[in-house]
Amino acid sequence: MIRPEKIHPVFDCTDCELHKNAKQPVWGRGPKRPFFMLVGEGPGPMEDSAGYPFHPKAPAGELIKDILDELGVPRKDIYLTNATRCFKDKDKITVEHIKACKKYLLEEIRYVKPEWIVIAGNEALKALLGHEGITKDRGRVIIKDGQKYFPIIHPAAALPFRTPEYRKVIKEDLRHLVGRIKNKNVSVLDSLDCKIADDRAKLHILIDELKNLPEDTVICSDFETSNVLTPFHNIVPVVSGMSLAWGPDGGWYIPTDHKNPSVWDKNPEGYELAKKIIRKYAYMKFRKIGQNIKYEQHWMRGMFGVRIKYVWGDTMMLSHLLNPVRGIHGLDKLAWFVKMGGYEQELEEWFAQNLAKEDNS
Ligand code: SF4
């Protein structure tokens, strides 16, 4: 365990007005070269009295401890700290507070040398990466100046009186990270923000992101489609899922009619919401580019009774135009043009490793 005085020569700080509310500055705690460093917003009243961050009996500290327990990561292996060191009481943490306290956070990072820094919430995101938008950045690896960051929603946001659905999102994000750290498996896919909207909380995050996009945004999509034969021998078109991306750093996947088992088996409301988003997408005024979108129009019409509007392009048709002699124009082949080629192999390796572990457990 690192003693704070080893890192910080100054113990009484008055560099911002937050010190007026605080009993003491709350310095970080944990081992050098930890499993990961977790950076939160600032100390609460219990931490202010106890003198260390994420007190295990304080609401957010308890929640993060429980999640770490469930993931099999000892809390003592994590270095816990905050973007600001003094209790804010009724004040709101401002950019000035974050800037004033950043020097201490950087000292800690230099001394502790974490391979991974988990950024919990917008204040830590502002301190370390200089921007906000945690719901957009959460759950993906960001590598900046050689340091690996992994943003998550702050545990305080998942408390019962706020948005309890976020607990599952935080746990799944951390499960993802813990798996990567244990497998030492950082690849091209790690630098992407690939999210699956497989519960209502994530669907709402996706809705918020879509609502905040300007209308001239170019969105790329790919639909997974299949047919179902009914007992009356009718063939019914089914959209089993849809992927969406509007930037080079990642995207979303919305599962709908996947079976065996479906993610929605116990969540019919989530299933209806997922279908509603896909149906509404047909009318959204974005510039839409799809992989074989002319073909997918039939499935959208068959399943939802709509046509996709505002279509800007079709990557499969463009590939045919650019290279008519090539026999195959699937996404796995086009991926080589954007340095993503071979992603199926990485996925297969990931499945092999993870399924083998599940079989052995
Ligand atoms: S929050 Fe940080 S910068 Fe502000 S007084 Fe406390 S220790 Fe100093």
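Descriptive notes on the structure:
- Cα shape, region 101-196, gyration tensor, a/c 1.5 rule: oblate
- With a Förster radius of 51 Å applied to the beta-carbon distance between Met317 and Ser49, the computed FRET efficiency rounds to 0.20.
- For the chain, the longest principal axis of the alpha carbon atoms and the long axis of helix 95-112 meet at an angle near 90°.
- In Å², nearest 10: area of Tyr283 left accessible to a 1.4 Å probe: 110 Å²
- Gained length - Asn234 relative to Gln147, 0.36 nm times residue gap less alpha-carbon distance: 25.8 nm
- Computed from the C-beta positions of Ile196 and Thr217 and an R0 of 22 Å, the FRET efficiency is 0.55 to the nearest 0.05.
- Top of Pro25, Pro45, Pro114 by mean-square fluctuation, Gaussian network on the chain, Cα under 10 Å: Pro45
- Probe 1.4 Å, all protein chains present, accessible-area order of Glu41, Glu123, Glu269, largest first: Glu269, Glu41, Glu123
- Prolate/oblate/rounded call for region 45-183, Cα gyration tensor, a/c under 1.5 rounded: rounded
- All other residues whose Cβ lies under 9 angstrom from that of Gly251 are scored, Lys and Arg at +1 and Asp and Glu at -1, for a net of -1.
- With contributions of -39500 (n - 2.57) from each DSSP H run of at least four residues, the per-residue ellipticity at 222 nm computed over the chain stands at -11500 deg cm²/dmol.
- Computed over the chain, the Cα gyration tensor eigenvalues convert (square root of 5λ each) into semi-axes of 43, 21, 21 Å, ordered from largest to smallest.
- Taking Ser262, Ser243, Ser221 as the candidate residues, the one with maximal mean-square fluctuation in a Gaussian network model of the chain, Cα springs under 10 Å, is Ser262.
- Counting 0.36 nm for each residue step from Lys276 to Ser226 and taking away their Cα separation leaves a gain of 16.1 nm.
- Three-way shape call for region 80-156 based on the alpha-carbon gyration tensor, with the a/c threshold at 1.5: oblate
- Using a Förster distance of 35 Å, the FRET efficiency for Thr163-Arg301 (Cβ separation, nearest 0.05): 0.45
- The distance between label points at Lys32 and Asp265 comes to 5.0 nm (points 7 Å beyond Cα on the Cα→Cβ vector).
- In Å², nearest 10: area of Trp116 left accessible to a 1.4 Å probe: 10 Å²
The values are calculated or read from the model by the stated rules, or taken from the named source; none is laboratory data. Quantities reported herein were computed from a predicted structural model and do not represent experimental measurements. A quick note on method: Cβ atoms are made from the backbone with ideal geometry, for glycine too, and the neighbour counts reach across all protein chains shown. Only protein heavy atoms, including side chains, enter the accessible area calculation; ligands, DNA and RNA are left aside. Shrake-Rupley method; radii C 1.70, N 1.55, O 1.52, S 1.80 Å.
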